[in-house]
């Protein structure tokens with residue numbers, strides 16, 4: 001089963017099949033977190049939709065952590 005991971009630091013999204021942990025290559029090894037986005041939904045998205053999803057995910061995550069807006 002394919003899994004979708006997202007980086008909590010930069011929002012980079014990657015897909016993997018067998019790994020249970022993934023580290024971001026763009027952020028010097030930041031541990032990525034599993035996304036609620038399914039692989040089938042991810043493959044249906046175009047590049048702009050993926051970028052929008054990533055930006056929204058980062059905004060919501062940072063907003064819920066109590067960082068100032």
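Residue by residue, here is whether (1) part of a helix (DSSP H, G or I); (2) modelled with pLDDT of 95 or more holds:
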site: 1; (1), (2): no, no
site: 20; (1), (2): no, no
site: 26; (1), (2): no, no
site: 29; (1), (2): no, no
site: 36; (1), (2): no, no
site: 41; (1), (2): yes, yes
site: 50; (1), (2): yes, yes
site: 63; (1), (2): yes, no
Any chance residue 5 is loosely packed, with under 15 Cβ neighbours inside 10 Å and modelled with pLDDT of 95 or more = no
ask   = Are there any pairs with C-beta distances below 7 angstrom linking a residue in the stretch 11-35 that is farther than 19 Å from residue 55 by Cβ to a residue that is part of a loop (DSSP other than H, G, I, E, B), with the two at least 6 apart or on different chains, and if so which?
value = 16/22; 17/2; 22/32; 23/29; 23/30; 23/32; 31/21
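The values are calculated or read from the model by the stated rules, or taken from the named source; none is laboratory data. The shown structure was predicted, so the numbers you read here are calculated from the model rather than taken from an experiment. In this analysis, Cβ positions are derived from the backbone assuming ideal geometry, glycine residues included, and neighbour counts consider all displayed protein chains.
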